[in-house]
Amino acid sequence: MKNILLIVLFTCFTTSTVCAQKKEQLQEINITWAKFYKAFETLDYTLMAEIHSEDLIRVSGGRRIIGYDTYINNYKTSFERDKNAGQTSHISLRFFERLSNDDTASERGVYKLVRNKGTNKEQAYYGQFHVLFKKIDGEWKITMDYDSSEGGTIDESSYNKAYAIDDLDKFSN
């Protein structure tokens, strides 16, 4: 009986520690997300390089796994191509899970990428993401980034069901 009580207490303690995060942590993580948004808005691959760990693992919806150098070089190429073609990109995120502790965070949600917003060439793309962060030298860096369209099932409705990036009360204690 004593062992069962200890297991229950241990489980309760560790579960509340894992699930609880401070609003301040989410605000700090949102600084990294703001740079992510800015990278797409300005087509600046150096911002992407800045917010990702050099130990990055990038998984693209069941198709491939790449590392930091390939990932950043892909953004360099695509952002330069878009600039030269006069293309624009606007990305936004909505969340259904945001977990963090002092140095690690896991965030899952839905992204919406709008190309050529406000033009007759406007196109919207959706996907589900799961990102892991580590706090490195005082800054939150993305260490793992997974996304998928889930077989084309992620759409505007999925996006709208998730919570806004600034809806911190939903995820903080």
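Since every read-out is calculated from the coordinates, none of them should be taken as a lab result. Keep in mind it's a predicted model, so treat the numbers as computed, not measured. We place every Cβ from the backbone using ideal geometry, glycine too, and count neighbours over all the protein chains shown.
To keep it simple, each residue is scored yes or no on (1) farther than 20 Å from Ile57 by Cβ; (2) in a strand (DSSP E or B); (3) of a type in the set (Phe, Trp, Tyr).
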residue	(1), (2), (3)
Arg81	yes, no, no
His90	yes, yes, no
Leu93	no, yes, no
Phe96	yes, yes, yes
Tyr111	no, yes, yes
Gly118	yes, no, no
Lys121	yes, no, no
Tyr126	yes, yes, yes
His130	no, yes, no
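Could you please let me know if Lys22 is touching a residue at least 12 places away in the same chain (Cβ under 8 Å), within 26 Å of Asp167 (Cα to Cα) and charged (D, E, K, R)?
yes
Closer than 21 Å to Arg98 by Cβ and not in a strand (DSSP E or B): is that true of Asp169 in this structure?
Details: closer than 21 Å to Arg98 by Cβ: yes; not in a strand (DSSP E or B): yes.
Yes; evaluated as a whole, the condition is true for this residue.
Identify all residues within region 149-169 that are surrounded by fewer than 17 Cβ atoms within 10 Å (Cβ to Cβ), among the polar types (S, T, N, Q) and touching a residue at least 12 places away in the same chain (Cβ under 8 Å); write none if there are none.
Ser149, Asn160
Restricting to region 103-156, count the residues that are acidic (Asp, Glu) and within 14 Å of Trp33 (Cα to Cα).
The qualifying residues number 3.
Does Phe40 satisfy being hydrophobic (A, V, I, L, M, F, W, C), touching a residue at least 60 places away in the same chain (Cβ under 8 Å) and in contact with a His (Cβ under 7 Å, 6 or more places away or on another chain)? Spell out the reasoning first.
On the way: hydrophobic (A, V, I, L, M, F, W, C): yes; touching a residue at least 60 places away in the same chain (Cβ under 8 Å): yes; in contact with a His (Cβ under 7 Å, 6 or more places away or on another chain): yes.
Yes, satisfied.
Exactly one condition in (1) in a helix (DSSP H, G or I); (2) surrounded by fewer than 15 Cβ atoms within 10 Å (Cβ to Cβ) is not met by Glu54; state its number.
The number of the failed condition is (1).
Tally up the residues in region 119-136 that are free of Cβ contacts under 8 Å to residues at least 60 places away in the same chain and among the small types (Gly, Ala, Ser), please.
Residues meeting the conditions: 1.
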